[in-house]
Amino acid sequence: MRSPRPTSLGDAPTASTHLAPSPRIPQYEMDGMDAYGPFAAPAPHTDVELAMLLALLAAPPAPGDGDRARRRRRTAPATLTIGHSRDDASVASATAFAEAWRAAGGTVLALVDWPERAASWLRAARRFTDGEPDAWVVAAAPLGWAQMSRRLRHSTGWDPSRTYGFASVGDSRLVALAGPETLHGMRGATPDGGTWLIDHRWVTRQPPRPTPGRT
């Protein structure tokens with residue numbers, strides 16, 4: 001099902017961030033989001049959330065939309081960079097994922113953090129894309145990730161369709177702030193072991209698959 005989209009905030013000024021003179025989100029757009037309440041602070045990740053995120057990376061879908069694209073698969077990534085904001089929950093999630101990824105034989109090129117407020121996020125964006133990882137994983141507070149993702153699209157070759165996130169960044173209001181194309185193709189896990197996908201301006205969610213033998 002699709003998460004409701006909170007009006008058209010962000011569409012016109014953010015739809016082409018790569019053409020904008022500055023990728024920073026205008027203050028009036030952030031102020032407009034206040035009508036929907038503040039973003040929730042990232043919650044501690046769950047075991048099934050972490051497991052689903054690992055499973056998504058083990059069998060990543062090919063680029064594209066629809067069932068046909070979901071049946072095609074990319075080669076599973078070997079190297080990745082993990083990005084996170086500086087709150088305790090995001091740091092813990094990023095650290096846990098790095099440990100699990102390395103335990104499974106994968107390589108973590110870097111763990112990159114960023115603040116919620118910054119002059120440009122350019123230094124963090126360059127570190128996030130340095131080394132050309134096969135994929136990226138994000139554990140972050142929504143507002144800082146919205147700003148960071150706009151900088152990434154503006155100034156680097158980052159690909160959102162090769163980016164996976166914890167539940168905290170699967171928020172439709174974040175998509176509205178970042179712009180409908182900025183995060184298109186990013187996907188991730190929910191706390192109950194389901195999945196989410198950013199499809200242009202929408203966040204679509206799938207419930208967890210039933211466990212065999214259980215009703």
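Summary table
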read-out: Residues satisfying the stated conditions in the range 97-109, i.e. touching a Leu at 6+ places or on another chain (Cβ under 9 Å) and either among the hydroxyl-bearing types (Ser, Thr, Tyr) or surrounded by fewer than 17 Cβ atoms within 10 Å (Cβ to Cβ) (or both); value: ALA100, ALA104, THR107
read-out: Which listed residue, of ALA118, ALA125, ALA146, is aliphatic (A, V, I, L, M), touching a residue at least 12 places away in the same chain (Cβ under 8 Å) and in a loop (DSSP other than H, G, I, E, B); value: ALA118
read-out: Given (1) closer than 21 Å to GLU49 by Cβ; (2) part of a loop (DSSP other than H, G, I, E, B), number of the condition PRO133 does not satisfy; value: (1)
read-out: Residues located in the range 114-134, provided they are farther than 13 Å from GLN147 by Cα and touching a Lys or Arg at 6+ places or on another chain (Cβ under 8 Å); value: ASP134
read-out: Residue list for the range 45-75, filter: of a type in the set (Asp, Glu), at pLDDT 95 or above and surrounded by 12 or more Cβ atoms within 10 Å (Cβ to Cβ); value: GLU49
read-out: Residue in the range 193-207 that is under 20 Å from ALA41 (Cβ atoms), part of a strand (DSSP E or B) and either aromatic (Phe, Trp, Tyr) or modelled with pLDDT of 95 or more (or both) present; value: yes
read-out: Scan of the range 174-194 for residues that are touching a strand residue (DSSP E or B) at 6+ places or on another chain (Cβ under 8 Å), surrounded by fewer than 21 Cβ atoms within 10 Å (Cβ to Cβ) and over 13 Å from PRO160 (Cβ atoms), ordered by number; value: THR190, GLY194
read-out: Hits in the range 125-148 - residues which are in contact with a strand residue (DSSP E or B) (Cβ under 6 Å, 6 or more places away or on another chain) and either surrounded by fewer than 20 Cβ atoms within 10 Å (Cβ to Cβ) or more than 22 Å from ASP87 (Cβ to Cβ) (or both); value: ARG127, GLY131, PRO133, ASP134, ALA135
read-out: Residue within the range 164-175 that is in contact with a helix residue (DSSP H, G or I) (Cβ under 9 Å, 6 or more places away or on another chain) and closer than 16 Å to PRO23 by Cα present; value: yes
read-out: Test: residue in the range 86-95 that is within 16 Å of TRP196 (Cα to Cα), modelled with pLDDT of 95 or more, surrounded by 15 or more Cβ atoms within 10 Å (Cβ to Cβ) and of a type outside the set (Asp, Glu); value: no
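The values are calculated or read from the model by the stated rules, or taken from the named source; none is laboratory data. As the structure is a computational prediction, the values presented were derived from the model and not from experiment. Note: ideal-geometry Cβ built from the backbone for every residue, glycine included; neighbour counts use all protein chains shown.
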